[in-house]
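Down below is the structure, laid out as structure tokens.
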Amino acid sequence: MRLFVAVILPAGEVQRYQQELLAAVAGRDDAPRLIPPERWHITLAFLGEVDDARRSRLEPRIAAVAAGSPPLTLRLATAGTFPARSTPRVLWAGVDGDVGALLTLAAAVQSAAAATRIRVDRRRFTPHLTLGRWRAGDGASRGVVDPLSGYTGAPFEIRTMTLFRSHLGPKPWYEPVARWRLDAGSSQSGASARSARW
Ligand code: 3AM
């Protein structure tokens, strides 16, 4: 199965940013194809195809990472495209706040995957929320970023991280298959990390 680890945003912030996004792209011919808000997430590690045996060795390692990681406070801020200079393919919203801790968390998840012999792409990790994608011939332009670049959202807390299974196809969807609490600093770390598993 195709897996990735990500954090998701509170519904209130998703709703608020969706308004912002729709206002920014409404009526524009150069807008990307938007990702439905129910699929919005901030990827920590893309794991690719993982078989059941590896997944069962991976999960306790990720649980241990979560148990040792503090909750994070983030907010959405700025926007950009990948690639940054040539024809854009991906429109994203940036994050600020506990970005150092988010990078540490992503590196720890990637190490957990590597320890399970899952090959992860360790290219420079830029935390982002993918909002939309352009396909070749879509008439993409970076101008869509301008109305979003001044946005600074309200701070929100990230208290969990999620292992998603990615189902590809005409209507791709992401199935949460495990979720762990970010539990460092909690008085009952070990126990609650285990009970948070589903
Ligand atoms: O959160 P975003 O949208 O940045 O782009 C895919 C998405 O990231 C990424 O994993 C997330 C969930 O699908 N992804 C998909 N295939 C990938 C690959 N081969 C990949 N990331 C790296 N390498």
Test of understanding: what is the full-extension gain from Leu34 to Thr78, defined as 0.36 nm times their sequence separation minus their Cα-Cα distance? 14.1 nm
Rounded if a/c is under 1.5, else prolate if a/b is larger than b/c, else oblate: which is the stretch 144-183, with a ≥ b ≥ c the root eigenvalues of its Cα gyration tensor? oblate
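Grab the Cα-Cα distance for Arg54 and Ser186, subtract it from 0.36 nm times how many residues apart they are, and report the gain in nm with one decimal. Intermediate values should be presented prior to the final figure.
Numbers: separation 132, 0.36 × 132 = 47.52 nm, distance 2.91 nm.
Value of the extension gain: 44.6 nm.
Mean residue ellipticity at 222 nm from the helices of the chain, using -39,500 (n - 2.57) per DSSP H segment of n ≥ 4 over the full residue count, to the nearest 500 deg cm²/dmol?
Details: 5 runs with 60 residues, N = 198.
My calculation for the chain gives -9500 deg cm²/dmol from helical runs alone.
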The answer for Val90, listing residues at least 5 apart or on another chain whose modeled amide H is closer than 5 Å to its amide H, is Phe82, Trp134
What is the angle, in °, between the Cα long axis of helix 99-115 and the longest principal axis of the Cα atoms in the chain? Nearest 10 is fine, range 0 to 90. 60
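In debye, nearest 20: dipole of the chain around its Cα centre with unit charges on the Cβ of K, R (+) and D, E (-)?
Details: 27 positive and 17 negative charges, 130 e Å.
Using Cβ point charges on Lys, Arg, Asp and Glu, the chain gives about 620 debye.
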Give me the percent relative contact order of the stretch 55-105, please, defined on Cα pairs under 8 angstrom at least 6 residues apart. 33
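Show me the three semi-axes of the equivalent ellipsoid for the chain, from the C-alpha gyration tensor (sqrt of 5 times each eigenvalue), largest first, rounded to whole Å. Numbers along the way, then the final one.
Details: eigenvalues 180, 76, 41 Å².
Semi-axis lengths for the chain are 30, 19, 14 Å.
Just so you know, all these numbers are worked out from the coordinates, no wet-lab data involved. What you are looking at is a predicted structure, and each value in this text was computed from that prediction instead of being measured. Glycine gets a Cβ as well: all are built from the backbone with ideal geometry, and neighbour counts include every protein chain shown.
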